[in-house]
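Step one of this worksheet: look at the structure below.
The values are calculated or read from the model by the stated rules, or taken from the named source; none is laboratory data. As the structure is a computational prediction, the values presented were derived from the model and not from experiment. Heads up, the Cβs are rebuilt from the backbone with ideal geometry, glycines too, and the neighbour counts pull from every protein chain shown.
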Amino acid sequence: MSNLSKRVRFLSHAAMIAALYVALTLVSAAVGLASGVIQVRLSEALTVLAAFTPAAIPGLAVGCLLSNIITGCLPWDVVFGTLATLIGALGTYALRRVSRWFAPIPPILANALIVPAVLQSVYGDPHSYPFLMLTVGVGEIISAGVFGMILYHAVKKTKLFK
């Protein structure tokens, strides 16, 4: 495969992942779960794709950035929310050869640590940081942990990225 073909494939995968992230975030937003104290972004399930392709890293970051802008997040939330997803994707990629069960751990941790600080400092949420870590963390466990691992096994079975 030529260098150009590899770059086109990489960009195509990244763009598809970004588009899927935006679409799934909009579904979550439609039912009030894309932001706030209790959030279960279905799009965070896609973070496990970084275990299969490095194209998921920019795809997830761009998808999160666009989603945060489209759903009306404040500027610092756009920056730090996107950073949390980027860190999670980088962590998943770094751990891809350790164990499949580690794939959702970096996004869960990154979001559970960063998003509560954003909720408090950007939006003035009065809840305690540990409480927000719990609520955001549980939402991330549902989206990246449960739905993400279902996606992981489906992708592995279909050999989508081989």
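Within the range 136-147, residues that are farther than 12 Å from Leu46 by Cα and among the aliphatic types (A, V, I, L, M) have Cβ atoms under 7 Å from residues that are modelled with pLDDT of 95 or more and in a helix (DSSP H, G or I) in these pairs: Val136/Asn111; Val136/Ala112; Val136/Val115; Val136/Pro116; Ile141/Ile108, counting only partners at least 6 apart in sequence or on another chain. Taken across the range 30-38, residues that are outside any helix (DSSP H, G or I), without any contact (Cβ under 8 Å) to a residue 60 or more places away in the chain, of a type outside the set (S, T, N, Q) and closer than 20 Å to Met133 by Cα do occur, with at least one present.
Quick check on Ala56: is it in contact with a Phe, Trp or Tyr (Cβ under 6 Å, 6 or more places away or on another chain), farther than 18 Å from Ala29 by Cβ and surrounded by 22 or more Cβ atoms within 10 Å (Cβ to Cβ)? So Ala56 fails the test. Of all residue pairs spaced 6 or more apart or on separate chains, those with beta-carbon atoms under 6 Å, a first member in the range 86-104 that is over 15 Å from Ile114 (Cβ atoms) and a second member that is polar (S, T, N, Q) and buried (at least 21 other Cβ atoms within 10 Å of the Cβ) are Thr92/Thr47; Ala103/Thr92.
Of the helices (runs of 4 or more DSSP H) lying entirely inside the range 104-162, those containing at least 2 residues that are surrounded by 19 or more Cβ atoms within 10 Å (Cβ to Cβ) and in contact with a Pro (Cβ under 6 Å, 6 or more places away or on another chain) span 129-140. Residues that are surrounded by 15 or more Cβ atoms within 10 Å (Cβ to Cβ), among the hydroxyl-bearing types (Ser, Thr, Tyr) and not in a helix (DSSP H, G or I): does the range 62-80 have at least one? Looking for residues that are surrounded by 15 or more Cβ atoms within 10 Å (Cβ to Cβ), among the hydroxyl-bearing types (Ser, Thr, Tyr) and not in a helix (DSSP H, G or I), one finds at least one in the range 62-80, hence yes.
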